[in-house]
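**Student:** My questions all concern the structure below.
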Protein chains: 4
Amino acid sequence: MATARHTVRRMKAFVMNGIGEVGFTEKEQPQAGPNDAILKPTKGLVCTSDVHTVHGAIGERENLTLGHEVVGVVDEVGAEVEHVQPGDRVAVGAITPDWSSEAAQRGFPSQSNGALGGWKFANVKDGVFQERVHVNDADGNLAKIPEAVSDEEAVYITDMMTTGFAGAEHAEIPLGGTVAVFAQGPVGLMATAGAKLRGAGEIIAIESVPERQKLSKNYGADHVIDYQDDDPVEKIHEVTDDEGVDSSIEALGTSQTFEQCVQATKPGGTISNVGYHGEGEHVNLPREAWGVGMAEKTIRTTLCPGGRVRLERMLRILENDGVDPTLMTTHTFPFDQVDEAFALMENKEDGVIKPLIEFE
Amino acid sequence: MATARHTVRRMKAFVMNGIGEVGFTEKEQPQAGPNDAILKPTKGLVCTSDVHTVHGAIGERENLTLGHEVVGVVDEVGAEVEHVQPGDRVAVGAITPDWSSEAAQRGFPSQSNGALGGWKFANVKDGVFQERVHVNDADGNLAKIPEAVSDEEAVYITDMMTTGFAGAEHAEIPLGGTVAVFAQGPVGLMATAGAKLRGAGEIIAIESVPERQKLSKNYGADHVIDYQDDDPVEKIHEVTDDEGVDSSIEALGTSQTFEQCVQATKPGGTISNVGYHGEGEHVNLPREAWGVGMAEKTIRTTLCPGGRVRLERMLRILENDGVDPTLMTTHTFPFDQVDEAFALMENKEDGVIKPLIEFE
Amino acid sequence: MATARHTVRRMKAFVMNGIGEVGFTEKEQPQAGPNDAILKPTKGLVCTSDVHTVHGAIGERENLTLGHEVVGVVDEVGAEVEHVQPGDRVAVGAITPDWSSEAAQRGFPSQSNGALGGWKFANVKDGVFQERVHVNDADGNLAKIPEAVSDEEAVYITDMMTTGFAGAEHAEIPLGGTVAVFAQGPVGLMATAGAKLRGAGEIIAIESVPERQKLSKNYGADHVIDYQDDDPVEKIHEVTDDEGVDSSIEALGTSQTFEQCVQATKPGGTISNVGYHGEGEHVNLPREAWGVGMAEKTIRTTLCPGGRVRLERMLRILENDGVDPTLMTTHTFPFDQVDEAFALMENKEDGVIKPLIEFE
Amino acid sequence: MATARHTVRRMKAFVMNGIGEVGFTEKEQPQAGPNDAILKPTKGLVCTSDVHTVHGAIGERENLTLGHEVVGVVDEVGAEVEHVQPGDRVAVGAITPDWSSEAAQRGFPSQSNGALGGWKFANVKDGVFQERVHVNDADGNLAKIPEAVSDEEAVYITDMMTTGFAGAEHAEIPLGGTVAVFAQGPVGLMATAGAKLRGAGEIIAIESVPERQKLSKNYGADHVIDYQDDDPVEKIHEVTDDEGVDSSIEALGTSQTFEQCVQATKPGGTISNVGYHGEGEHVNLPREAWGVGMAEKTIRTTLCPGGRVRLERMLRILENDGVDPTLMTTHTFPFDQVDEAFALMENKEDGVIKPLIEFE
């Protein structure tokens, strides 16, 4: 019967109910408009930014499903969708741009419909920690996962890989150039891997947690500076014959590390920010290290890139064993224990890097 | 006689003698090493940054000749120089890079030998307000002035045009895009002219001095905002249908205008700084307008570009009447009254924009 | 009544009926899918490429409406369309990309769904010389025309301005650099205007038709070379002190002019092709002038850029009097005499540059 | 005694004496001008282009020393040289630009003083197969070799690595993108390694010689196409789901492979040429695959990049084990048997890839 698909079905969802409050609930399954798809999730990941959201980083939210990193199987598509069909195993970006928007046409799809406007999941619409997920512009935002790539690998492309790699790309590292990556959380680790993939000649990671230091070497760091032992800026100048680095990447989101990036980068170099800056009215640009506004240091910022083409490129790297992101999976939970994964991520206990969520 | 050129000759020079002290003195004429040239100046311009220098912006200096904007006639060249010869009418950039330096090879000649290291005149060696001027790497740093271009026109390419235009180029204005230029002093006016030359679709100038407002329209501004009447950021959003501008140019050098640039620029847009930031430990990046480090707004900075090729391009624009910089000449002084020109520039009296210095 | 919009309405159309055959016919009015709009045209322009199409350049076509340059009023929009509504006065690009396609996501929307795939009008679907025009992805492909811009001006942005300007942008002309533009038909003239808008220091136009020579000066050419009097490559080297130009633009579409572009361009310079190459198995790259494959001359090509943002930028240039394309309108015809406009364009009689079509 | 350095000293040199004639001779040692250095070579490599030169590719040469790939120890420096001193172990690029030249200031140092003008060794001055080597602009063109890098490794940066890598950089391979590399001679192999270093997601090498096929996999190729078994263009379309590759690299220098590059590359993609095209009046651009001049495929070409900074970046990659070029050393000869190395290179016998020359 033609209207069968519109029968209301219920599903389980893990939601935010006001600042600081999370829990499971039941809600109606989403339905696909003409350009949309509905996804049945298989694997997800919890992100630190989900925790920030719960703490009020983007303001109050009621009954909003959390989560933005997911892969799954297509369950339904709208009438205008051509590229995917029910049954396809797919990845969806954490950011799902409107591809005909003004910003997308200018080359900045993640900013479609305003600053950070491509970020919809668990922000302006329900996120992915529910049994069915709505995807806008399915042709533009879904990529089929090749057989050789597992769901667990693939779920890392939806945010961690694409974001960290973009941080490295925006750093404009010359082939054989030097780069410093500040902080080796999951995005910082992927920025390190991205710097390696872009052909950096020397990668300096700044990190104090031993497990993360070790992983950073695994992903390509040539030196690791423990900021608890050494001043990172001094140490970087020491390692680079007092030249500073060609490029630096901020993957923490504090004014202090941002300043250190500017100080550690040589004139004409690039500072690439991927850290989310959650506090303060200002982030400080250190006037002298910035060359009184004349040292030709470029500052770029990144929001997770989305889109089918980007996802396909990430998948190709996985397929040809360019990087193994699953080294970052420290814990695994079934969907009905996603609350525990959140608690773990919040407390940063037990050496957690990324908790994997299994939907079945 | 082979050694004749090394006979010591004396010349008049206008120097800084400690912070706040200027005056005429006599010193030995400079001599050319194998790659150098000696220039006999004909026309110069006084720059606000000379005034900053006298006030201690770059620290103490003793018996240092001031000035960095000059054109003249080649008086002598070193044995390795091939491109110019005595008698040539030439312009020399305010910035005279070492072209084989590390930074020049990376594409940032103005930063050769350290941040701002291409800036030598009246910084690390005598400036141009003396009867003979030493030019390093003459083949790389001198451009012959075509017959159709006057000395007065040409002297504007040495700093004002090349700097203001670079501010516009670094703003990455799309053809037909929108741009805001904060402050319409001589560099800001040339940034406005540069934005017009790059095909901006709509140029918004921010300025309160009536003469400068008028000149800015002359150089291409479509709107002028008087910041004493309106909040520039609000007004810019009003003019641009609340989108903000594609690009903004900071040509004043205050933390406040820099913040306004970030606020006025749309996600994915570019902020181009050409203002010299002389005060404070930090320049403020407004966290929210910067998109919490994720709105993909790029920040670039500019130091006056130098070099023969750049100067030749500027001269070509003059030759084909692309812009008339002499509209900015508000006063003229003979070289032996350059002290009066400095006093005028310092007090910003009498509607001064640029005082022209005539050497003969 | 809900189905009212699907009542079949008839309209007049000017079609191609096999190679070499054109004529008026009547067909059903198009209908809008969820993302589409229907346009009621007001002004159009005939393009040389329409003539090529009739002669078989893209193969056989039956009952295909001709024309791709048009402005009009929105008559109907699909349910998903947000940016425009019935009654809006709008321009539609000759190229109407699919904005979520693979190529668009890579930054090449005009190549969506295969080479030249954004080109739909009078190629893979009916063109614009009919009483109602179907526009795919209306949000992405329509731009509202500001009050200050007339329909006649606006219709030039749909192909001539956007294409010619893109030819100039892809030529990577340095500010103050030198550029040669081969052929001054309407696209070549707009490439000349585009070079001027990008701040070229010296523009050399190659053209032999007196009216077009004159217009090229009007649009910014500093020199005009008549290839019937002089060898263009020799003359260009003469004008540029034997250096060659920084950039050259091919706006004719012959192997010979393409070769001349390569020969006229200096090492490290850029050749930008906007000409449609309709003949031969190969276009010739002259081996020696190409530096045996090592002179670092870059060759780029352009297909008319489309999209709302691009159109809005073009409109902004018109609004602020950056260029006057209507100087190219040599003739005007009512829609029911569009066949005469075609005949004129085909025979290149009467000094024709662009024939304007008026729909009412 | 001050003039001691000008005592004439004799040295052994391996020279070209007219087309097709080579042999050892004795000539005067070169002397250093104020900006120059004299190098005592330790290791060199024979290049196929040396063989081309002997066969007349650049015309007649008399008593011209051959060779352009060398490392050694600084023997003498001119008075203006600051960066290196006698005793330093250094690499010199095959290309030694004039850094203050017009082309270098434009960003194309290898084209200084005309097309391919940075190429001096064994072209416009004596090459490196002699006991002392003259290096112009020593500060700009010499890089000190770090202790961890052997002479044999380092000599590969002077041409093979820097050229092959530049071919990959100019191919503008997106991170995770697809690339085809045509021919796996030493430059092609280094282009493959360069593509891997830039983060290509899938590398397709075209080669028929088994040893080279094997090495190409070693350097990062994911697929190898033997053009004797398959049509490379068809095979590439098969491997890429009929999309074509993002980028292709021509590393052979024939019109046929160049055409295949254009055919194998998707609309909007880039063709990067590093092959030396030695024959024919034209290289063919296939008109249809080139999209009749409108498919937005960019064509770039490369001449070996030189300069201290570039060499230092290459050395950094060696130092951090980014690539092992010595896998390409198939034979070793003492300097006084360099004639045998030439004969081997000419006949392409014995699986030769690169013959290493030892000077002591």
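All of the numbers you see were taken from the coordinates with simple rules; none came from a lab. Please read these numbers as outputs of a predicted model, since none were measured by experiment. Here Cβ is always computed from backbone atoms with ideal geometry, including for glycine, and neighbour counts include all displayed protein chains.
**Student:** Give the Kirkwood hydrodynamic radius (Å, one decimal) of segment D:76-117, defined as one over the mean of 1/r across all pairs of different Cα atoms.
**Tutor:** By the Kirkwood definition, the hydrodynamic radius is 11.8 Å.
**Student:** Please go through segment D:1-78 and write out the trypsin sites (Lys or Arg not before Pro) that DSSP classes as loop and that have at most 13 other C-beta atoms within 10 Å. Please list the in-between numbers first.
**Tutor:** Working: sites: D:Arg5, D:Arg9, D:Arg10, D:Lys12, D:Lys27, D:Lys43, D:Arg61; in loops: D:Arg9, D:Arg61.
Those that pass, being in a loop and sparsely packed, are D:Arg9.
**Student:** Now a separate question. Work out the length of the dipole vector of segment A:180-220 about its Cα centre, built from +1 on the beta-carbon of each Lys and Arg and -1 on the beta-carbon of each Asp and Glu, and round it to the nearest 20 debye. Each step should come with its number before you reach the end.
**Tutor:** Working: 5 positive and 3 negative charges, 21 e Å.
With only Lys, Arg, Asp and Glu charged at Cβ, the dipole is about 100 debye.
**Student:** In vacuum, with every alpha carbon of segment B:21-72 counted as one equal point scatterer, what does the Debye formula give for log10 I(q)/I(0) at q = 0.13, 0.24, 0.27 Å⁻¹? Two decimals, please.
**Tutor:** Debye intensities relative to I(0), on a log10 scale: -0.42, -1.12, -1.18.
**Student:** Mind checking the angle between helix D:160-170 and chain D's longest principal axis? C-alpha axes, 0 to 90 degrees, to the nearest 10.
**Tutor:** That helix lies at roughly 40 degrees to the long axis.
**Student:** Towards the positive end of the charge dipole of segment D:164-301, with charges on Cβ (+1 Lys, Arg; -1 Asp, Glu), say which of D:Gln260, D:Ala295, D:Ile204 has the farthest Cα.
**Tutor:** Of the listed residues, the answer is D:Ile204.
**Student:** Note the distances from D:Phe24 to each other copy's matching label point, with points 7 Å along the Cα-to-beta-carbon direction, in nm, sorted shortest first.
**Tutor:** For D:Phe24, the inter-copy label distances come out at 7.1, 8.6, 9.2 nm.
**Student:** What does the structure give for B:269-278 when I average, per residue, the other chain Cβ atoms found within 10 Å of the residue Cβ? Show your work: numbers first, answer last.
**Tutor:** Numbers: counts 3, 2, 1, 0, 7, 2, 3, 4, 8, 3.
Going residue by residue through B:269-278 and averaging, the value is 3.
**Student:** Please work out the C-alpha center-to-center distance from segment B:225-288 to segment B:1-76 and express it in whole Å.
**Tutor:** 37
**Student:** While we're on this one: Averaged across the residues of B:93-105, what count of C-beta atoms belonging to other chains lies within 10 Å of each residue's C-beta? Working shown, then result.
**Tutor:** Details: counts 0, 0, 0, 0, 3, 5, 11, 17, 7, 10, 6, 9, 14.
Average neighbour count from other chains, rounded to a whole number: 6.
**Student:** Ratio of segment A:1-116's C-alpha Rg to 2.2 N^0.38 Å, to two decimals? Provide the component values of the computation, followed by the final result.
**Tutor:** Details: Rg = 16.0 Å, N = 116, 2.2 N^0.38 = 13.4 Å.
Dividing the Cα radius of gyration by 2.2 N^0.38 Å gives 1.19.
**Student:** Show that you can apply the helix-only estimate: for chain B, add -39,500 (n - 2.57) for every DSSP H stretch of four or more residues, divide by all residues, and state [θ] at 222 nm to the nearest 500.
**Tutor:** -7000 deg cm²/dmol
**Student:** Seen from all sides and averaged, what is the projected area of the convex hull of the Cα atoms in chain C, in nm²?
**Tutor:** Values: hull surface 71.4 nm².
Orientation-averaged projected area of the Cα hull: 17.9 nm².
**Student:** Taking the label point 7 Å from Cα in the Cβ direction, how far apart in nm is A:His223 from each other copy of itself, listed shortest first?
**Tutor:** Relative to the other copies, A:His223 has label-point distances of 4.2, 4.9, 5.3 nm.
**Student:** How do A:Val309, C:Val133 line up, fewest other C-beta atoms within 10 Å first? Display every interim value, and only then the final one.
**Tutor:** On the way: A:Val309 22, C:Val133 27.
Sorted ascending by nearby Cβ count, the order is A:Val309, C:Val133.
**Student:** Quick one: what do you get for segment B:221-360 if you divide its Cα Rg by 2.2 N^0.38 Å? Before the final figure, lay out the partial values.
**Tutor:** Working: Rg = 18.8 Å, N = 140, 2.2 N^0.38 = 14.4 Å.
My calculation over the Cα atoms of segment B:221-360 gives 1.31.
**Student:** Right, next: How far is helix B:338-347 tilted off the main Cα axis of chain B, in degrees rounded to 10, range 0 to 90?
**Tutor:** Relative to chain B, helix B:338-347 is tipped by roughly 20 degrees.
**Student:** Arranged by the count of other C-beta atoms within 10 angstrom, fewest first, what order do D:Met11, C:Met328 take? Don't jump to the answer; show the numbers that get you there.
**Tutor:** Values: D:Met11 16, C:Met328 20.
Listing D:Met11, C:Met328 from fewest to most nearby Cβ atoms yields D:Met11, C:Met328.
**Student:** Look at the axis of the rotation that sends chain D onto chain C, then give the chain D residue with the nearest Cβ and the distance in whole Å.
**Tutor:** Taking Cβ atoms only, the nearest residue and its distance are D:Ile299, 2.
**Student:** Mind listing P(r) for segment B:169-270? All alpha-carbon pairs, 5 Å bins, whole percents.
**Tutor:** Reading upward from the zero bin: 3, 16, 29, 28, 19, 5, 0.
**Student:** Next question. Calculate I(q)/I(0) for segment B:115-225 by the Debye formula, one identical point scatterer on each C-alpha and no solvent, and give its log10 at q = 0.11, 0.15, 0.21 Å⁻¹ to two decimals.
**Tutor:** Those come out to -0.45, -0.76, -1.08, one per q.
**Student:** Taking 8 Å as the Cα distance limit and 6 or more residues as the minimum spacing, I'd like the relative contact order of segment C:164-301 as a percentage.
**Tutor:** Numbers: 325 pairs, mean separation 33.4, N = 138.
Relative contact order comes out at 24 percent.
**Student:** What three numbers, in Å, describe the spread of the alpha carbons of segment D:284-355 along their principal axes, ordered from the longest?
**Tutor:** Sorted largest first, the three principal extents are 53, 34, 21 Å.
**Student:** With only Lys, Arg, Asp and Glu charged, each at its Cβ (+1 for the first two, -1 for the last two), find how big the charge dipole of the protein assembly as shown is about the Cα centre; round to the nearest 20 debye.
**Tutor:** On the way: 120 positive and 232 negative charges, 1 e Å.
The dipole of the protein assembly as shown has a size of about 0 debye.
**Student:** If you don't mind, another one. Just counting partner chain Cβ atoms within 10 Å, what average do the residues of peptide A:297-310 show around their Cβ?
**Tutor:** Values: counts 6, 6, 9, 6, 11, 4, 8, 1, 2, 1, 5, 4, 11, 5.
Per residue, the average neighbour count from other chains is 6.
**Student:** Among DSSP beta bridges lying fully in the protein assembly as shown, give the percent that are antiparallel, nearest 5. Spell out each step's value before the answer.
**Tutor:** Details: 136 of 244 bridges.
Antiparallel bridges: around 55 percent, rounded to the nearest 5.
**Student:** Return the tail of the calculated pair distribution for the protein assembly as shown, meaning the percent of Cα-Cα pairs more than 44 Å apart. Walk me through the numbers before you get to the answer.
**Tutor:** Working: 470396 of 1036080 pairs.
Across the protein assembly as shown, Cα pairs with separations above 44 Å total 45 percent.
**Student:** Once you treat every alpha carbon in segment A:71-159 as an equal point and sum by Debye, what is log10 I(q)/I(0) at q = 0.10, 0.12, 0.22, 0.26 Å⁻¹?
**Tutor:** With no solvent term, the Cα-only Debye profile gives -0.25, -0.37, -1.16, -1.38.
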